[in-house]
Every structure is written in structure tokens, then in C-alpha cells.
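See structure below.
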Amino acid sequence: MFPAIKFLIVLGVVAVATRADRQQVVDFHRPCLDHHEIEDDDLHFALDKIKMRDDDEFYLHFFCVAKQGQLMTEDGTVNTDNFETNMKGIIDEDNMENVAAIVRLCLIQKDTVLQTIRNAVDCFMGKDHKL
């Protein structure tokens, strides 16, 4: 097989795998996206570092996701100890170590829930999360 054709086939397989991994993340966000009336494109644009909404509802959707993933409690207390266990099957295992390290770096307790989640999301989106 010609090298260029092999390259295109590999590139196509990687693109399909990446979309499947991204869909798992979007599916995990689904209840929170719907509850906070956030469009899928808003999440995709943020993950792709194209454009991120800067309103409380967008950030509160991430608080909802953090609670769902047991990274934060209802009162906003942060706990990342079981991230890998809680996110197994949602975050691709090949990217788990990377994402877990970024979450632990970025999800730091602040004075309020909104400060905590805004800081965490802004920090996370600035890193090479590969989601």
C-alpha cells in the first residue's frame, strides 16, 4: 500500500476514535447540559478552544457535571481522590492520567462554588486535555 494511503487510513481511524471519545464526554454532560439549557456546540467550542461562554449558567453546568462525577458535593466541597474510578468508561483510559492530573491541578477549593468552578474550568480549558 502506498505510504500516503496508509497515512490517510490511520488519520481516519484516529479521527473516528476521537469523536467517539468526545461523544462519551458529551453524553456524560447531557443531563447538566439539558438542565442548564446549554447547547452541545457551546461545550464543543469550549473543548476545542474556539470560544467559551462567560455566563454563570455555562459554569454552573460544569458544577452539575462535577457533582455528577462526585468531584464536588452539593455545598461545593472539592474531592478528586477517586477521579479515575468515578470517570472510568467516560474518559478514555489512554487519556485518563492526563485528564486526572489536569483536574487535580485545576479543581482547587475557593471561597464560593462559582469561584471554584470558574477557576477550574478556565484552568482546565487552557491545558492540553485532549477531550
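The values are calculated or read from the model by the stated rules, or taken from the named source; none is laboratory data. Nothing here was measured: the structure is a model prediction, and the numbers come from that model. Cβ: placed from backbone, ideal geometry, glycine included. Neighbour counts: every protein chain shown. Remember, those area values only see protein heavy atoms, side chains included, never the ligands or the DNA or RNA. Shrake-Rupley method; radii C 1.70, N 1.55, O 1.52, S 1.80 Å.
Things to note:
- The trypsin sites (Lys or Arg not before Pro) of the range 47-129 that DSSP puts in a loop, and whose beta carbon has at most 12 other beta carbons within 10 Å, are Lys49, Lys51.
- Surface analysis of the range 41-101 yields an accessible area of 56 Å² per residue, using protein heavy atoms and a 1.4 Å probe.
- Sparsely packed GluC sites (Glu not before Pro) within the range 45-131, loop by DSSP, other Cβ within 10 Å at most 16: Glu74, Glu93
- A Förster distance of 25 Å, applied to the separation of the beta-carbon atoms of Asp56 and Arg30, puts the FRET efficiency at 0.80.
- Aspartates and glutamates with Cα under 14 Å of Lys127, excluding same-chain neighbours fewer than 8 positions away: Asp48, Glu97
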